1. Kindly provide the set of residues from segment A:273-317 that are near DNA strand B (Cβ under 10 Å from one of its atoms), small (Gly, Ala, Ser) and touching an Asp or Glu at 6+ places or on another chain (Cβ under 7 Å), ordered by number.
2. Give just the number: which of (1) away from DNA strand B (no atom under 13 Å from the Cβ); (2) in contact with a Leu (Cβ under 8 Å, 6 or more places away or on another chain); (3) assigned to a helix (DSSP H, G or I) does A:Pro425 not satisfy?
3. Could you list, in sequence order, all residues of segment A:248-262 that are more than 6 Å from DNA strand B (Cβ to nearest atom) and hydroxyl-bearing (Ser, Thr, Tyr)?
4. Does A:Arg241 satisfy the condition of being more than 13 Å from DNA strand B (Cβ to nearest atom), free of Cβ contacts under 8 Å to residues at least 24 places away in the same chain and assigned by TED's automatic domain parsing to the domain that holds A:Val265?
5. Among the residues of segment A:395-411, is there at least one that is closer than 29 Å to A:Ile614 by Cα, without any contact (Cβ under 8 Å) to a residue 12 or more places away in the chain and not hydrophobic (A, V, I, L, M, F, W, C)?
6. Select from segment A:354-391 the residues that are more than 13 Å from DNA strand B (Cβ to nearest atom), of a type outside the set (Asp, Glu) and part of a helix (DSSP H, G or I) and list them in ascending order.
7. Out of A:Val259, A:Val255, which single residue is buried (at least 22 other Cβ atoms within 10 Å of the Cβ) and part of a helix (DSSP H, G or I)?
8. From the list A:Asp307, A:Asp279, which residue is assigned to a helix (DSSP H, G or I), of a type in the set (D, E, K, R) and touching a residue at least 60 places away in the same chain (Cβ under 8 Å)?
Amino acid sequence: MRFTPLPKLSLLFSTKIPRLQEPFYVQSPLVYISSNTSSAIWEPSGTSSFSLPSHSTFVQLLKKRPSLTQIKQIHAQVVTHGLAQNTSLLGPLIHSYIGCRNLSFARIVFDQFPSLPPTIIWNLMIQAYSKTPSSQESLYLFHQMLAHGRPTSADKYTFTFVFTACSRHPTLRGYGENVHGMVVKDGYESDIFVGNSLVNMYSIFSRMVDAKRVFDEMPQRDVITWTSVVKGYAMRGELVRARELFDMMPGRNDVSWAVMVAGYVGHRFYNEALQCFNDMLCHDEVKPNEAVLVSILSACAHLGALDQGKWIHVYIDKNRILLSSNISTALIDMYAKCGRIDCARRVFDGLHKRDLLTWTSMISGLSMHGLGAECLWTFSEMLAEGFKPDDITLLGVLNGCSHSGLVEEGLSIFHDMIPLWGIVPKLEHYGCLIDLLGRAGRLESAFEAIKSMPMEPDVVAWRALLSACRIHGDVDLGERIINHIAELCPGSHGGGYVLLSNLYASMGQWESVTKVRKAMSQRGSEGCPGCSWIEIDGVVHEFLAADKLHPRISEINKKLNEVLRRISIEGGYVPSTKQVLFDLNEEDKEQAVSWHSEKLAVAFGLLSTQEGTIRITKNLRTCEDCHSAMKTISLVFNREIVVRDRSRFHTFRYGNCSCTDYW
DNA sequence: TCGTGGGCTA
């Protein structure tokens, strides 16, 4: 192989990295780097008239943070000048490739090392892999390294990287422990970096006894040590313990606070997360970072805490925090989940740069508000801008179709998934499909869809079908389905029995309802208790069904009685008892539905505010009786009520609901 | 010229 002369070589050595012209790297630089390298090295390049650059010139060049293309060119030069065996050059070359996250090229250089690479080079490669999803490769290299023995023995750097690699790969648990043994033997355990990576690894694997032992035995600890161990307890849900340590921690920084807040959010302690965030704001020395803001916006979204969420938005604006993709996605999601799809849209429309994340959160937001047409429209806009949907985008679109009864559109998108987007439908997509068909009353097609699934249907899929049976009153199919749910969820039955009992109740088959309830209590599988939240003046109030815990409960009960009286007299509301679970007499049944948590919440909302929208968040699907009560309340009291239930939003206005009674 | 802790939004 012969290389064309390299005329503009001097350009390469100017202080600025020049933009190199195309012909400079003859064909593809890969040619020089791949298997031909060894022959290239021996190819006489002496035909060119200029003097050869020494290896230090290349080193200087690599220090100037060249781009990937430039590194490849330098690499090509190195090879053509016969310097590919100069080990002092290969290190910087590997380092540069790693800096550009091009591990395959770094690996090629590494594998062609003429002698045994020194420890630092091994370390570079091990560390590089530890940051990737294939962090097992770090372990593989580590083993190779050990096999060679001295003089390339592992040092404290190596161990740090190996523990990091282990912590990022769930299958490497056992390895981490074995390597820990070596560390103790070699006396590296007292190094703070090694210790920290160990504490972190055990914490991530939820092995707090080991994490705490390393923590306690460390000769010195810093913020990172403390933060790692706090994270470990928080991730297990031991938030009290985590908080104790957090409060003791010296020199807490933004990352420590992020870990604490995320710990609360991860275990659904959203109010505690908000409280923790407020604590953070009282500490002037530390400012919330992106991770904290994303977590806290997620807490607001889950709670439906609009005022708090708005406050965060203002905080972001005032402090000129960059609306990154993550932050804007979290904002859009927060507004959508707090019932303000208009605000979500405004954030979205105001973005300078949109990416798949922001588009997807907008689309999913529209879908949960039952704005199917707009959802599809936004989706096509996204495609027009050249974005390729991922599985979650498509999930949002499908969801939008099923919530709006756009059956044909939904079916067509589902069938296009593989041919058009190359995305194989997952369980969740099938769940959507079944929901889509089932709600529309095409129960047999939905049943066929479940049977056609390439994977085992999960509880969600069966439950969607069962729920459709309830809407359309198909007892026969419902009974056939319940066994599948019982098989999948032997403990709780995934709420299947509640649905079945509701199905019987809606058909007036009270004997069957009693049977199911008995079966449920025998197996100790009670339904999940209903719970609603409402935010008044920035405080989130929580209500359970027939709540007795709220400090103003007697006042609220009085108000609720008044509300129910007024809507039956003025709005013609008749309590619907179809979905009451118990076989009670009519009067008791009325009483039982009266105290559903969303009714308590709406009574409290009417009691506490004179005007404006009442926003309620609920953990379950809203029942038929509450739905019709809300409609009448919106008419009689002339108030807009927005209820977020487990799967979507209902906006009640002038006696109607945005779901057009299709939910 | 290698080090350790962060998020969960679809």
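The values are calculated or read from the model by the stated rules, or taken from the named source; none is laboratory data. Computed from a predicted model, the values in this text were never measured in an experiment. Neighbour counts run over all protein chains shown; Cβ positions are idealised from the backbone, glycine included. Only protein heavy atoms, including side chains, enter the accessible area calculation; ligands, DNA and RNA are left aside. Shrake-Rupley method; radii C 1.70, N 1.55, O 1.52, S 1.80 Å.
1. A:Ala301 - this is the single residue of segment A:273-317 that is near DNA strand B (Cβ under 10 Å from one of its atoms), small (Gly, Ala, Ser) and touching an Asp or Glu at 6+ places or on another chain (Cβ under 7 Å).
2. So the condition that A:Pro425 fails would be (3).
3. If we filter segment A:248-262 for residues that are more than 6 Å from DNA strand B (Cβ to nearest atom), which is where we start, we get A:248-252, A:257, A:260-261.
Answer for segment A:248-262, where residues must be more than 6 Å from DNA strand B (Cβ to nearest atom) and hydroxyl-bearing (Ser, Thr, Tyr): there is none.
4. Values: more than 13 Å from DNA strand B (Cβ to nearest atom): yes; free of Cβ contacts under 8 Å to residues at least 24 places away in the same chain: yes; assigned by TED's automatic domain parsing to the domain that holds A:Val265: yes.
Yes.
5. No, the conditions are met nowhere in segment A:395-411.
6. Correct list: A:Gly372, A:Ala373, A:Leu376, A:Trp377, A:Ser380, A:Leu383, A:Ala384.
7. Values: A:Val255 fails: buried (at least 22 other Cβ atoms within 10 Å of the Cβ).
After applying the criteria, what remains is A:Val259.
8. Working: A:Asp279 fails: touching a residue at least 60 places away in the same chain (Cβ under 8 Å).
Of A:Asp307, A:Asp279, the one residue that is assigned to a helix (DSSP H, G or I), of a type in the set (D, E, K, R) and touching a residue at least 60 places away in the same chain (Cβ under 8 Å) is A:Asp307.
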